[in-house]
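The values are calculated or read from the model by the stated rules, or taken from the named source; none is laboratory data. All figures in this text were calculated on a predicted structure; none of them were measured in a lab. Cβ coordinates were reconstructed from backbone atoms using ideal geometry, including for glycine residues, and neighbour counts include every protein chain displayed. For accessibility, only protein heavy atoms count, side chains too; no ligands or nucleic acids. Shrake-Rupley method; radii C 1.70, N 1.55, O 1.52, S 1.80 Å.
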Amino acid sequence: MCGIFGYIGKKENSLEIVIKGLQKLEYRGYDSWGVATEIDGQLFIEKKVGKISEAKTDDFHDKKCQFAIGHTRWATHGGVTDINAHPHFSSDKTIAVVHNGIIENYEELRDELGRDNFISQTDSEVVAQLIAKFRKEMSFKDAVLAAINKLKGRYAIVVMNVGENYLIAARRGSPLIVGVGDGEYFLASDIPAFLEYTQNVNYLDDDEMVIVDGNVEFINLTTGRSVEKRLINIDWKAEGAEKGEYDHYMLKEIMEQKDSILRAINQDTDEIMHIAQQIKKSRGCFFSGCGTAGKVCMAGEYFFSLIANRHVNFAPASEFPVYHHFLRPESLLVVVSQSGETADVLEAMDAAKSKNAKVLSIVNAEGSTIARQSDFSLHIKAGPEKAVASTKAATSQMALLMLIATAMVDELQEGRRQLAEVASKINDMLNPRFLTYIKAVAEKIKDHENCYIIGKAENYPMALEAAIKIQEVSYVHAEGFAAGELKHGPIALVTDGTPCIALVANDEVKNDTINNTIELKARGAHIIGISPEKHEVFDDWIKVPDVGIASPLVNIIPTQLLAYYIAVLRGLDPDMPRNLAKSVTVK
Ligand code: AGP
């Protein structure tokens, strides 16, 4: 996933605007960055390896221009080098392009265009070279249209042409949003890039392009006809997308769970009841998501079984093909995704729709591709989640799944009350003393290279989710297990002092979990018990509120904080872990 951004308008400091916008998209990719514009009739490009946050806008202050494009990269094709950074440009330096996605037929296009003309190892460079080739015979707009028709794969692109005072953008399978300001326009992968200038947006849909000069024109790439778009006002505030007084977005977003859960359950009653009905009447209900969102789906399996007495099938989106032959028009696929752009989830949705099954999506990014391609979509309203590690989105997604489960047994009001109480208890739990205590526990285990987490029933998915959190920000080899599975192999891994986290709730499986924890202790493990009550087997006890079946929502939060503090104590940046991207928009 990468961040792309373009500006065109009356201001003459376009390069500074684009660099500041890219800095707000840094979470989408942070191995290299670049900007392009036209100065004195010539293409101007600056691009390099490194984080966009290190770029100095003052360096561009004297370069007056009224449009510019930029890119912050997460490398897919081609190593992390200055040459492979975007923007990419044509050999005649008349066309520059920034691209997010993957051009699947780039090798074939390189052959067609002549490999000697290429200077980078990327797929993206073919877009610039292709447009320039057509531009020799036709207008800028027609050249972009002709080039796009030859591209296979997923892309969002913003293009400029020296000598033309307008920008063109297009998308298929990767996000692109148009920010509409006062006589100025922004073209971005995500809203935070231009939120300080405008909250009015148009969403570009797949196979659409937009031409932006003093006006904005949307064109359907299939019909070639103009498309009318409704202006949408986004109720996010610019400061909501910033770190504020926190050292990292990850900590800020963990702390926001005091409020985000309340927003998630604040849904239209009729809509929730309608969705509950859709699930009840479906024949074959499948849950799917990736990574953390996948573990949320697994927790949903337990909520639906224990609360709604409804059997659902979960598969990680990348494994969903195993269920394709069960899909039929009466089936329902429920997908969960924070970004609403995850490629594997989009592929699972395509499979469901190919069998005329219905799709319900639970997303954080309103207007995202997944949201707009679903039959029904619920917005968790968690606000921008910029840390690569998903935290507040996960608890909000689980809260919403639990709420739907209560609606299925006509207990929606009680479910809402229960979850509001959970939110209030989380608010009390997330106090400075709690954070200090967890940091002290993290200090004890930060130097261990292995860490195990166990949970049972609805806390088993949380054991797996805790492992992802610790893995992705601290690089510690963490593994989650179903507590009852230890004796079937994993317990052989435990040696003296191995940190083991036990997720315990006051539920009917509590004693089993404690017994499994005692087995770990007997082999020398250092036990960190996350539980409403203390137990002598715990070496460290992290007290959490007793919230019954909603225990996943509270038990996961201390593990988020442990992951955060272990990363910070190991001198790492939890917001931008190596090798990862906030949203995996490529397969
Ligand atoms: C979560 O901390 C990870 N960053 C990752 O597993 C993530 O949950 C996964 O890529 C799914 O993303 P999505 O929710 O945006 O679809």
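Starting from the Kirkwood radius over alpha-carbon pairs of region 39-171, derive D by Stokes-Einstein at 25 °C in a medium of 0.890 mPa s and give it in µm² s⁻¹. Could you put the intermediate results ahead of the total?
Numbers: Rh = 15.2 Å.
In µm²/s, the coefficient is 162.
Exceeding 26 Å between C-alpha atoms, which entries from my cross-link table qualify? They are Lys392/Lys439; Lys152/Lys392; Lys63/Lys237; Lys64/Lys93; Lys295/Lys510; Lys63/Lys229.
With Cα atoms farther than 26 Å apart: Lys152/Lys392; Lys63/Lys237; Lys63/Lys229.
Determine, from the Cβ-Cβ distance of Ile518 and Glu421 and an R0 of 25 Å, the FRET efficiency 1/(1 + (r/R0)^6), rounded to the nearest 0.05.
It comes to 0.20.
For region 123-267, how big is Rg over Rh, using alpha carbon atoms and the Kirkwood form of Rh?
Using Cα coordinates only, the ratio equals 1.06.
For region 107-242, calculate the relative contact order in percent as a whole number, restricting contacts to Cα pairs under 8 Å that are 6 or more residues apart.
Reported relative contact order: 16 percent.
Cα to Cα, under 20 Å, and not fewer than 8 places away if on the same chain: which lysines meet these conditions relative to Lys353?
Output for Lys353: Lys280, Lys281, Lys587.
For a test of the definition: using alpha carbon positions, the gyration tensor, and the 1.5 limit on a/c, classify region 151-203 as rounded, prolate or oblate.
Oblate, since a/c reaches 1.5 and b/c is not below a/b.
What are the radius of gyration and Dmax of region 411-487, computed over its Cα atoms and given in Å?
For region 411-487, the Cα-based Rg and Dmax read 15.7, 47 Å.
What is the Cα coordinate range of region 56-121 on the first, second and third principal axes, sorted by size from largest, in whole angstrom?
Cα spread of region 56-121 along its principal axes, largest to smallest: 41, 26, 17 Å.
How big is region 444-504 by Rg and Dmax over its Cα atoms, in Å?
Calculated on Cα positions, Rg and Dmax stand at 10.9, 30 Å.
Can you pull the semi-axes for region 312-445, root of five times each eigenvalue of the Cα gyration tensor, sorted largest first, whole Å?
32, 19, 14
Treat every Asp and Glu Cβ in region 431-503 as -1 and every Lys and Arg Cβ as +1, leave all other atoms uncharged, and give the resulting dipole magnitude about the Cα centre to the nearest 20 debye.
Working: 7 positive and 9 negative charges, 56 e Å.
Taking the Cα centre of region 431-503 as origin, the dipole is about 260 debye.
Report the rotationally averaged projected area of region 428-582 based on its alpha-carbon convex hull, in square nanometres. Don't skip to the end; give the middle numbers.
Numbers: hull surface 34.8 nm².
The orientation-averaged projected area of the Cα hull of region 428-582 comes to 8.7 nm².
Cross-link partners among aspartates and glutamates for Lys425, C-alpha distance below 13 Å, same-chain residues fewer than 8 apart left out?
Counting by Cα, and skipping residues close in sequence, Lys425 has these aspartates and glutamates nearby: Asp259, Asp546.
Show me the three semi-axes of the equivalent ellipsoid for region 392-449, from the C-alpha gyration tensor (sqrt of 5 times each eigenvalue), largest first, rounded to whole Å.
On the way: eigenvalues 215, 41, 10 Å².
Working through the eigenvalues yields semi-axes of 33, 14, 7 Å.
Compute, for the chain, the length of the dipole vector about the Cα centre, with Cβ point charges of +1 (Lys, Arg) and -1 (Asp, Glu) only. Units Debye, rounded to 20.
That gives the chain a dipole magnitude of about 480 debye.
How tilted is helix 343-354 with respect to the longest principal axis of the chain? Cα atoms for both, answer in degrees (0 to 90, nearest 10).
The angle comes out near 90 degrees.
Treat each spin label as a single point 7 Å out from the Cα along the C-beta direction, and report the Lys51 to Asp350 distance in nm.
Reported label-point gap for Lys51 and Asp350 is 3.5 nm.
At 0.36 nm per residue, minus the direct Cα-Cα distance, what do Asp116 and Asp59 gain on full extension? Give it in nm, one decimal, please. All intermediate terms of the calculation are to be shown ahead of the outcome.
Values: separation 57, 0.36 × 57 = 20.52 nm, distance 3.34 nm.
Full extension from Asp116 to Asp59 adds 17.2 nm.
So what's the Cα pair-distance distribution over region 545-587, bin width 10 Å, in %?
Reading the bins upward from 0: 23, 33, 30, 13, 0.
Less than 19 Å apart at the alpha-carbon level, and either on another chain or at least 8 residues along: which aspartates and glutamates does that give for Lys47?
Filter leaves Glu16, Glu26, Asp31, Glu38, Asp58, Asp59, Asp62, Asp82, Asp92, Asp123, Glu125.
Give, in whole angstrom and from largest to smallest, the semi-axes √(5λ) of the equivalent ellipsoid of the chain, with λ running over the eigenvalues of the Cα gyration tensor.
They are 44, 26, 21 Å, listed from largest to smallest.
Whenever you get a sec, compute what percent of the accessible area on the chain sits on carbon and sulfur atoms (1.4 Å probe).
About 48 percent, which is the carbon plus sulfur part of the accessible surface.
With N residues in region 241-330, what two-decimal value do you get for its Cα radius of gyration over 2.2 N^0.38 Å? Don't jump to the answer; show the numbers that get you there.
On the way: Rg = 16.8 Å, N = 90, 2.2 N^0.38 = 12.2 Å.
Taking the Cα Rg and dividing by 2.2 N^0.38 Å, one obtains 1.38.
Just the Cα atoms of region 327-400: what Rg and Dmax do they give in Å?
Answer for region 327-400, Rg first and Dmax second: 12.2, 38 Å.
Below 12 angstrom from the Cβ of Gly41, what's the summed charge of the other residues (Lys, Arg +1; Asp, Glu -1)?
-2
On average, how much accessible surface per residue is there in the chain, in Å², for a 1.4 Å probe, leaving out ligands, DNA and RNA? The partial results should precede the final answer.
On the way: 21610 Å² over 587 residues.
So the chain comes to 37 Å² accessible per residue, rounded to a whole number.
At Glu485 and Gln413, where each label point lies 7 Å from the Cα along Cα→Cβ, what is the point-to-point distance in nanometres?
4.1 nm
What number, in percent, do you get for the relative contact order of region 1-100 if the mean sequence gap of Cα pairs under 8 Å and at least 6 apart is divided by its residue count?
Rounded, it is 37 percent for region 1-100.
How far apart, in nanometres, would the label points at Thr495 and Arg578 be if each is projected 7 angstrom from Cα along the Cα-to-Cβ direction?
The two pseudo-label positions are separated by 2.3 nm.
³J(HN,Hα) across region 34-48 via Karplus (A = 6.51, B = -1.76, C = 1.60, θ = phi - 60°), whole Hz, x for Gly/Pro?
Couplings: x, 9, 8, 7, 10, 10, 6, x, 10, 6, 10, 9, 10, 8, 7 Hz.
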